[in-house]
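Each remark here refers to the structure printed beneath this line.
The values are calculated or read from the model by the stated rules, or taken from the named source; none is laboratory data. On a predicted model such as this, the values are computed, not experimentally measured, just so you know. A quick note on method: Cβ atoms are made from the backbone with ideal geometry, for glycine too, and the neighbour counts reach across all protein chains shown.
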Amino acid sequence: MALLSNKLCVALSCAVLALVLFTGGPARASSIVVNHTNWDWYDSQSQAVSDAVGDQAIFFSHASVGSNIVGGMQSLHSGNASKYQLQTASDNGTPPSTTNPGTFYEYSRGNPGWQQKIDLFDTYVDNGWRSPNVDFAMDKLCYIDQNADVDYYLAAMAALEAAYPDTNFVYWTMPLTTSTGSDNVLRNQYNDAVRAYAALHDILLLDIADIEAWNPSGVEQTFLYSGSSYQRLYSGYTSDGGHLNSAGALRVATGIYSLVGLSLEGPEPVPEPATMVLMGAGLSGLLCLRRGTRARTRIRETKQDTAA
């Protein structure tokens, strides 16, 4: 009976282990997300953080709202170059023969349509806008892209991460407008899907929409549509209802600094649900085996490092 009991315990532990590995899939990882709660994290950090961020090379493809953000990056640097060390440089879809650390390479690629924007970013990365030429690469859709297919975007970004694991790819939500119509609902739905993806994966996310939607007093700007509440752009961050004024641009530009700084620090690892089940399965097997055999089973929790 003792032998049967031991075999039963081993079988049970193996069954639980198989359940975790083959049906649970990867557990939720630790994304780094910058939104309205931490967009200004960088402002309170030490000079060591500023120096580390100032040693990075970044590529950013965009259109008009992106140009507003680039202006914010330039204003931050001109106002305090020792704190905001990144210098902007206009470029195109192919990197120069030599890139320099401490440079924010920006390319205004216009508005050819949401799908072509995503495809072009893939081309730019293939052309060399990736490690070792730059440390971070990112592309931003615009508020005119409310009909974009979020699954297409997420799949394209995941494919780039798989192809070039040494590059830090930054996901973005879609900018909002001050409007209260159906187009802003579509933007919110797209953004919610990106946030949900971030909750289940290990990514870098600049949540521009959430940064735009909260005023300096910490009040979220929302509207009701068909009985549901949605975010909209705070009117104090724009002069035309969509493009960013100086206040809005500085806010998002600071968010970029915060995202890069946080990614270099890395998140605190936390036990994931599947990891805890895996540990439980191993401990159960260990208790069973010690009663009838001298075998020892150890299940160690694996800590996942976020790519910085």
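Some observations on this one:
- For the stretch 205-226, residues that are of a type in the set (A, V, I, L, M, F, W, C) and part of a strand (DSSP E or B) total 5.
- Identity of the residue in the stretch 262-284, under 23 Å from VAL134 (Cβ atoms) and surrounded by fewer than 21 Cβ atoms within 10 Å (Cβ to Cβ), that ends up modelled with the lowest pLDDT: PRO267
- Within the stretch 64-111, the set of residues being without any contact (Cβ under 8 Å) to a residue 40 or more places away in the chain, surrounded by fewer than 16 Cβ atoms within 10 Å (Cβ to Cβ) and either among the charged types (D, E, K, R) or more than 29 Å from ALA247 (Cβ to Cβ) (or both) comprises ASN92, THR94, PRO96, SER97, THR98.
- Those residues of the stretch 65-87 which are small (Gly, Ala, Ser), under 16 Å from PRO175 (Cα atoms) and touching a Leu at 6+ places or on another chain (Cβ under 9 Å), in sequence order: GLY72
- Residue check, LEU154 more than 19 Å from ASP55 (Cβ to Cβ) and of a type in the set (A, V, I, L, M): yes
- Take the conditions (1) touching a Phe, Trp or Tyr at 6+ places or on another chain (Cβ under 7 Å); (2) crowded, with 22+ Cβ neighbours inside 10 Å; (3) not in a loop (DSSP other than H, G, I, E, B); MET174 misses just one of them, which is (3).
- Scanning the stretch 160-194 for residues that are under 17 Å from SER229 (Cα atoms) and charged (D, E, K, R) turns up ASP183, ARG187, ASP192.
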